[in-house]
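> Let me begin by handing over the structure; questions about it come next.
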Amino acid sequence: FLRTPRGLCVRLRASVFWVYAPLEKGVPLMQKFQELINETKVLIKKEKAINAEIIRNLKILYDQKIHLKRGFGSFFSFCVTELEMCEATAKRRTDAMRLSEVVKDLPSQIESGEVSLSQITQLKKFMDQEKKVVKREFRKEEVVGLLDSIKGKSAYEVEKTLSEKSQI
């Protein structure tokens, strides 16, 4: 560790990482990191709430066909162009918005952290693939069951769980 006027320089292997946390006299270094960790946790909780609210808003915009009224050929292109989302974010949020048509409390589950946008995207991809290849239609109960089966799992575990339920 090297203390500098701007913060702390931490050398790990050949890389150097700067922590731009002002160092105050008498404040132990680990206490400063704990404050940063706590602040980051608060921001992540806010991010989940914001994502849930964005998905609720997207659902309203989609239901009112605002993307068509604005001249967009797809809701995805509306999200990327008009709402200025990157493509990956637009994909995750539109997947969640579409699943929220079936699972009404999905935004609340995202906000609480029960389910993540990446898990939802994996589930939506699985359902789309099943529909395309074997013409499988999912009832609401099945979608809710699938969603429950992937909660709290890593991406690998979600993939494994869904592959076990595949009819392909």
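> Counting heavy atoms of the protein chains only and a 1.4 Å probe, report the per residue accessible area for segment 44-168 as a whole number of Å².
Value for segment 44-168: 59 Å² per residue.
> Using a 1.4 Å probe on the protein chains only, how many percent of the accessible area of segment 79-168 belongs to carbon and sulfur?
Of the solvent-accessible surface of segment 79-168, carbon and sulfur hold 48 percent.
> Percent relative contact order of segment 64-168, based on C-alpha pairs within less than 8 angstrom and at least six residues apart?
Worked out over segment 64-168, it gives 21 percent.
> Quick one: if you stick a label point 7 Å off each Cα along the C-beta vector at Met30 and Lys165, how many nm between them?
Going by the 7 Å Cα→Cβ label model, 4.3 nm.
> Taking the Cα centre of segment 54-159 as the origin, how large is its charge dipole in debye, to the nearest 20, when only Lys and Arg (+1) and Asp and Glu (-1) carry charge on their Cβ atoms?
Details: 20 positive and 17 negative charges, 80 e Å.
Here segment 54-159 has a charge dipole of around 380 debye.
> Of Ser108, Gly73, Leu123, whose Cα points farthest to the positive end of the dipole of segment 60-134 (charges on the beta-carbon: +1 Lys, Arg; -1 Asp, Glu; origin at the Cα centre)?
Gly73
The values are calculated or read from the model by the stated rules, or taken from the named source; none is laboratory data. Remember, it's a predicted structure, so these values are computed and weren't measured experimentally. Because the Cβ atoms are built from the backbone with ideal geometry, glycine has one as well, and the counts that use them run over all protein chains shown. Only protein heavy atoms, including side chains, enter the accessible area calculation; ligands, DNA and RNA are left aside. Shrake-Rupley method; radii C 1.70, N 1.55, O 1.52, S 1.80 Å.
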